[in-house]
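Notes follow the structure.
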Amino acid sequence: MHLQLFQVVATENVNPVALEANIDCAFATEKLDGTCCYVALYQGQPYLWARLDRKPNKQAEKRFKKHQHTHKNYKDFSWNVEEDFKTVPETWIPAHRVKHHNGHPIPDQLGHIP
């Protein structure tokens, strides 16, 4: 079961959160299926970085689901980022704006680190 914690609504008004993110300086691009990526300079050249969500290992996923079932929410669940998540390539970096605590990225409410 996938719990969707957001709703997508099309309106003529710009969301204040988008305005706070300086959307006036952004430009629209077409999003094609399968193109979730990050483009950034690496050694002076533009590189295309594929998206990789860092997901919990099976044991941690079971603990997380049990917590959700027992508490009916994901709050107060404690992740150990070093032990609870699948390994990623050494060059992996979390997405921009992912919050960190003690130098480690914090998983989102679904237990992923984008």
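How high is the relative contact order of region 67-114? Use alpha-carbon pairs under 8 Å, at least six apart in sequence, and give a whole percent.
Taking the mean separation of contacting Cα pairs over the length of region 67-114, I get 33 percent.
Applying the Karplus parametrisation 6.51 cos²θ - 1.76 cosθ + 1.60 with θ = phi - 60° to the phi angles of region 91-103, what ³J(HN,Hα) value in whole Hz is obtained for each residue in order, glycine and proline being reported as x?
With coefficients 6.51, -1.76 and 1.60, one gets 8, 5, 10, x, 4, 4, 6, 6, 6, 10, 9, 6, x Hz.
Enumerate the amide H contacts of Trp49 below 5 Å, restricted to partners 5 or more residues apart or on another chain; note that Pro and chain-start residues carry no placed amide H.
Placed amide hydrogens put Tyr38, Val39, Ala40 under 5 Å from Trp49.
Name the long-range amide H neighbours of Ile106: under 5 Å, sequence gap of 5 or more, or other chain; modelled H, no Pro or chain starts.
Distant-sequence amide H within range of Ile106: Lys99, His100, His101.
Measure nothing but the geometry: give the 0 to 90° angle between the long axis through the Cα atoms of 58-71 and the longest principal axis through the Cα atoms of the chain, rounded to 10°.
It is inclined by approximately 80 degrees.
Rounded to the nearest whole Å², what accessible area per residue is found for the chain with the 1.4 Å probe?
Solvent-accessible surface per residue comes out at 90 Å².
Take each of the peptides 78-90, 51-63, average the number of other beta-carbon atoms within 10 Å over its residues, and list them starting from the highest.
Descending packing order for the listed peptides: 51-63, 78-90.
Indicate the gyration tensor shape class of the chain (rounded, prolate or oblate), computed on the Cα atoms with a ≥ b ≥ c the square roots of the eigenvalues: a/c under 1.5 is rounded; otherwise a/b larger than b/c is prolate and the rest oblate.
oblate
The values are calculated or read from the model by the stated rules, or taken from the named source; none is laboratory data. Since the structure is predicted, the reported quantities are computational estimates derived from the model, not experimental observations. Cβ: placed from backbone, ideal geometry, glycine included. Neighbour counts: every protein chain shown. Calculation scope for accessible area: heavy atoms of the full protein, side chains included, ligands and nucleic acids excluded. Shrake-Rupley method; radii C 1.70, N 1.55, O 1.52, S 1.80 Å.
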